[in-house]
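Colleague: Please read through the structure below; I'll follow up with questions.
A short reminder: the numbers here are calculations on the coordinates, not readings from a lab. Keep in mind that this is a model prediction, so the values were computed, not measured. When we count neighbours, we look across all protein chains shown, and the Cβ atoms used for this are built from the backbone with ideal geometry, even at glycine.
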Amino acid sequence: MMTNLFSTFDPATNFINLSLNWSSTFLGLLLIPSMFWLISSRINIIWNKLNITLHNEFKTLLGPNSFNGMTFIFISMFIMMMFNNFMGLFPYIFTSTSHLTFTFTIALPMWLSFMLFGWINHTNHMFMHLVPQGTPTALMSFMVLIETISNVIRPGTLAVRLAANMIAGHLLLTLLGNTGPSMTMNLISFLIIGQMLLLILESAVAMIQAYVFSILSTLYSSEVY
C-alpha cells in the first residue's frame with residue numbers, strides 16, 4: 001500500500017529479496033525481437049527510418065573525425081531511454097529512468113570516458129576549451145574556473161534533467177488521480193479528459209527527453225577530439 005506520494009518512486013517491491021521494480025528496464029526487449037523474423041511492416045520501416053535519421057544527425061554532430069560506428073552507441077542509448085520512459089507510462093510498471101541511480105550510472109561513466117580519452121590523447125585541445133576564443137586576458141583565469149565547473153557538473157545535469165522530467169509528469173498524474181474519489185460525476189469527466197491530455201504530453205516528453213539525453217551526450221563527446 002502506498003504510504004506517501006513519493007513511495008511510487010521507491011524501488012522497494014521485492015520477491016525473495018530480489019528487487020522486481022528494476023526488471024521493468026528489460027520489458028522493452030520483449031517488444032523488439034519480432035521485427036527480426038517477420039516480413040517488413042510499416043512499423044519496421046518507420047523504425048529503420050528513425051535509426052537512419054538518428055545516425056545521420058549524430059554523424060553530423062560528431063564531425064568527420066569521429067570513429068566509425070560511434071553513432072550506434074548514442075542510437076542504442078536513445079532507444080533504451082525511450083523504451084524505459086514509455087514503459088513507465090503503463091500502470092504498475094516501475095519507471096527506472098525516474099531514479100538517479102539509473103540515469104547517473106549511465107551519465108557518469110560515459111562522461112568520465114570522454115574526459116579520460118580527451119585529456120590523454122588531445123591534451124592541448126582540451127586546454128583550449130577552457131578559454132573561449134576572444135576572452136580578454138584579465139578574465140582568462142575566471143573563465144577557466146567557470147568552464148571547469150560547467151564541465152564537471154555535466155553528468156549531474158544529464159542525470160537530473162531526465163529523472164526530474166520523468167518524476168514531474170508522474171507526480172502530476174498521481175496527484176490528479178488521487179482527487180478523483182472526492183469529485184462529483186461532472187468533474188470526473190473533466191478529470192479523465194485532463195489525464196488523457198497529460199498522458200499524451202508525457203508520451204511526447206518520454207521521446208523528447210531520450211532525444212535530449214542522447215544529443216547532449218553526442219555534443220559532449222564531439223568536444224574531446
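Colleague: Compute the acute angle (0 to 90°) between the alpha-carbon long axis of helix 71-87 and the principal axis of greatest extent of the alpha-carbon atoms of the chain; round to the nearest 10°.
Modeller: Between helix and principal axis, roughly 20 degrees.
Colleague: Further question: Could you state, as a whole-number percent, how many of the C-alpha pairs of the stretch 115-225 are farther apart than 24 Å?
Modeller: 51
Colleague: Something else now. Considering only Ser66, Ser96, Ser150, give the residue with the highest GNM mean-square fluctuation for the chain, with springs between Cα atoms whenever their separation is below 10 Å.
Modeller: Answer for the Gaussian network model of the chain: Ser150.
Colleague: Scan (i) 48; (ii) 54; (iii) 39 for the value of percent of Cα pairs over 25 Å apart calculated from this model and give just the label.
Modeller: Given (i) 48; (ii) 54; (iii) 39, the calculated one carries the label (ii).
Colleague: Distance between the C-alpha centers of the stretch 168-225 and the stretch 91-112? Whole Å please.
Modeller: Here the answer is 17 Å between Cα centres.
Colleague: Compute the relative contact order of the chain as a whole-number percentage, counting only Cα pairs closer than 8 Å that sit 6 or more residues apart in sequence.
Modeller: 29
Colleague: Further, regarding this structure: Go ahead and set up a Gaussian network model of the chain, Cα springs under 10 Å, then flag whichever of Phe104, Phe190, Phe94 fluctuates most.
Modeller: Phe190
Colleague: To continue, here is another question. I'd like to compare 83-93, 136-146, 211-221: which one has the highest average count of other Cβ atoms within 10 Å, and what's the full order after that?
Modeller: Ranking, from highest mean packing down: 211-221, 83-93, 136-146.
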